[in-house]
1. Please give the charge dipole size of the chain, origin at the Cα centre, charges +1 on K and R Cβ atoms and -1 on D and E Cβ atoms. Round to the nearest 20 debye.
2. For Lys58, give me every one of the aspartates and glutamates with a C-alpha distance below 17 angstrom, ignoring sequence neighbours fewer than eight places off in its own chain.
3. Please give the calculated 222 nm ellipticity per residue for the chain, where each DSSP H segment of at least 4 residues contributes -39500 (n - 2.57) and the sum is spread over every residue; nearest 500 deg cm²/dmol?
4. Mind listing the phi-derived Karplus ³J(HN,Hα) values for the stretch 57-65, rounded to whole Hz, using 6.51, -1.76 and 1.60 with θ = phi - 60°, and x for any glycine or proline?
5. Contact order normalised by length for the stretch 3-68, with contacts defined as Cα pairs under 8 Å and 6 or more residues apart; what percent is it?
6. In the chain, if the dipole is taken from +1 on Lys/Arg beta carbons and -1 on Asp/Glu beta carbons about the Cα centre, which of Ile49, Leu39, Leu67 is farthest to the positive end?
7. In terms of Cα to Cα distance under 15 Å, which aspartates and glutamates are near enough to Lys18, apart from those fewer than 8 places away along the same chain?
8. Express the C-alpha Rg of the stretch 3-68 as a ratio against the empirical globular expectation 2.2 N^0.38 Å, rounded to two decimals.
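Where a number appears in this text, it was derived from the coordinates with a stated rule and is not lab data. What you see is a predicted model, and the numbers here were worked out from it, not measured in a lab. As a convention, Cβ positions derive from the backbone with ideal geometry for all residues, glycine included, and neighbour counts pool all protein chains shown.
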Amino acid sequence: MPWLKIKEAAMYSGVSEKTFHIWLKSGLRHWRLPSGPILVKESWIDEYIEQFEVTTNKVDEIVNSLLRDPKVK
């Protein structure tokens, strides 16, 4: 299924429709048809989610920062 409507896209992503709308406002690529429906490709969802990948090094960096200065939030 190359194009998904909001409900299907949210289910594909494992998030609520409300969260999915937040993603759209935050830059997730999509098409809005003249008749109103918003369409998203699965590959665009995957690309959007992948930008938030946290590597072990980043986690270690955050933990070490907190251990050095517990006042840092």
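1. Result for the chain is approximately 400 debye, rounded to the nearest 20.
2. Hits, sequence-local ones excluded: Glu50, Asp69.
3. -15500 deg cm²/dmol
4. Values per residue, Gly and Pro as x: 4, 5, 4, 4, 4, 5, 4, 4, 4 Hz.
5. Once divided by the residue count of the stretch 3-68, the mean separation gives 32 percent.
6. Working it through, the farthest residue towards the positive pole turns out to be Leu39.
7. Glu8
8. Details: Rg = 15.7 Å, N = 66, 2.2 N^0.38 = 10.8 Å.
Dividing the Cα radius of gyration by 2.2 N^0.38 Å gives 1.45.
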